[in-house]
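As structure tokens, the structure follows; a few thoughts come after it.
The values are calculated or read from the model by the stated rules, or taken from the named source; none is laboratory data. As the structure is a prediction and not an experimental result, all values here were calculated from the model. Because the Cβ atoms are built from the backbone with ideal geometry, glycine has one as well, and the counts that use them run over all protein chains shown. For accessibility, only protein heavy atoms count, side chains too; no ligands or nucleic acids. Shrake-Rupley method; radii C 1.70, N 1.55, O 1.52, S 1.80 Å.
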Amino acid sequence: AVVSTQSTGAASTWFIALVAFIKYALLKFPIKARNLTKKRVHMICVSLWIMCSLVPTAMLVIDRDDVYFDYRMYSCDYAFTAEIWKSLFLPILLMNSTIPLMLMIATTAPILRYLSAARQAARNAGGSIPWQGTLAVVLVAVIYCFTTVPQIIYFVGSSFDYSPTGVIHFLIYRISVFSGLLNIMANFPVYFLTIGSFRDYLLTKAKESLRLTSITIPQAETS
């Protein structure tokens, strides 16, 4: 469970940033983006899962029994007591938090610039474009940044504050864990409420599923 949590948490962070990067690529290189086939996207996703599994795999190789019960979140967690983890601290911080955050910021800003230019061009032509797409981009980026920063603060601060009852190891840790979960859970309602096509797609699939699972019970004949 500890290993799977480490892997899925990092993967979720990367996949959210990857979606923002793909949006940017579609707007920046619309012709070249046609070469982004479903197979290539699947290969990118598999590569991300492999990358995010490196740290959990190292946990099993270095010391698979280095696990303790964490009363801060009432769950089992990995202790990282081996000396080698000190040298791996910075690469892990960059890979799991800092680089995805920078990727999100670097792609969201030009996306908003492209959407603003498209809206202005539509107004000049006497038309309009839906505002829901811009709202979705802004909400996802804001939630992502606000929920990732506490994790970076904890990772950096924990290397200086060693007190188990201090603010970093207790309060900031709980905030970072909660914010990570909020970051993952927030995307579905944001897209559902702001993107009409996504909402219609889900509702259509839900109706089809209900139609397939519904069982008609024949009524008994009365004599």
Within 10 Å, Cβ to Cβ, of I111, how many net charges do the neighbouring residues add up to if Lys/Arg are +1 and Asp/Glu are -1?
+3
Report the relative contact order of the stretch 11-134, percent, no decimals, based on alpha-carbon pairs under 8 angstrom and at least 6 residues apart.
34 percent
Per-residue counts of other Cβ atoms within 10 Å, averaged by peptide: what ranking do you get for 32-43, 80-91, 133-144, highest first?
133-144, 80-91, 32-43
Between V46 and V67, with labels modelled 7 Å along Cα→Cβ, what's the label distance in nm to one decimal, could you check?
2.9 nm
As a test question: what accessible area, to the nearest 10 Å², does W131 have when a 1.4 Å probe is rolled over all protein chains in place?
140 Å²
In the set (1) 54, 52, 30; (2) 74, 66, 35; (3) 72, 44, 33, which value of Cα extents along the principal axes in Å was calculated from the structure you see?
(2)
Leaving ligands, DNA and RNA out of it, report the carbon-plus-sulfur percent of the accessible area of the chain at a 1.4 Å probe.
70 percent
Given charges at Cβ of Lys, Arg, Asp, Glu: the stretch 1-158 dipole, positive-most of T107, A58, Y74
T107
Considering only DSSP states other than H, G, I, E and B, which trypsin sites (Lys or Arg not before Pro) in the stretch 117-189 qualify as loop sites with at most 10 other Cβ atoms within 10 Å?
none
Report Rg/Rh for the stretch 66-124, rounded to two decimals, where Rg is the Cα radius of gyration and Rh the Kirkwood radius.
1.37
For the chain, the dipole about the Cα centre with charges only on Cβ (Lys and Arg +1, Asp and Glu -1), to the nearest 20 debye, works out at 1360 debye
Which of rounded, prolate or oblate describes the stretch 1-116 when judged by the alpha-carbon gyration tensor and an a/c cut-off of 1.5?
prolate
Any helix of the chain counts here only if DSSP assigns it H throughout, its Cα atoms span 30 Å or more along the axis, and its mean Kyte-Doolittle hydropathy is at least -1.0, and such helices are 2-28, 99-124, 132-157, 173-194
In deg cm²/dmol, rounded to 500, what helix-only [θ] at 222 nm does the chain give when every DSSP H run of at least 4 residues adds -39500 (n - 2.57) and the total is split over its residues?
-23500 deg cm²/dmol
So the FRET efficiency between S209 and F188, C-beta based with R0 = 25 Å and rounded to 0.05, is 0.90
Assuming a viscosity of 1.567 mPa s and a temperature of 4 °C, what translational diffusion coefficient in µm² per second does Stokes-Einstein assign to the stretch 53-170, Rh being the Kirkwood radius over Cα pairs?
73 µm²/s
If I take every Cα pair under 8 Å that is 6 or more residues apart in the chain, average their sequence separation and divide by the length, what percent do I get for the relative contact order?
19 percent
Just to be sure I understand: with springs between alpha-carbon atoms less than 10 Å apart, which residue in L93, L210, L60 has the highest mean-square fluctuation in the Gaussian network model of the chain?
L210
Here the net charge surrounding D63, from other residues whose Cβ is less than 15 Å away from its Cβ (Lys, Arg +1; Asp, Glu -1), is -2
Distance in nm between S163 and R113 label points, each 7 Å along Cα→Cβ, equals 4.5 nm
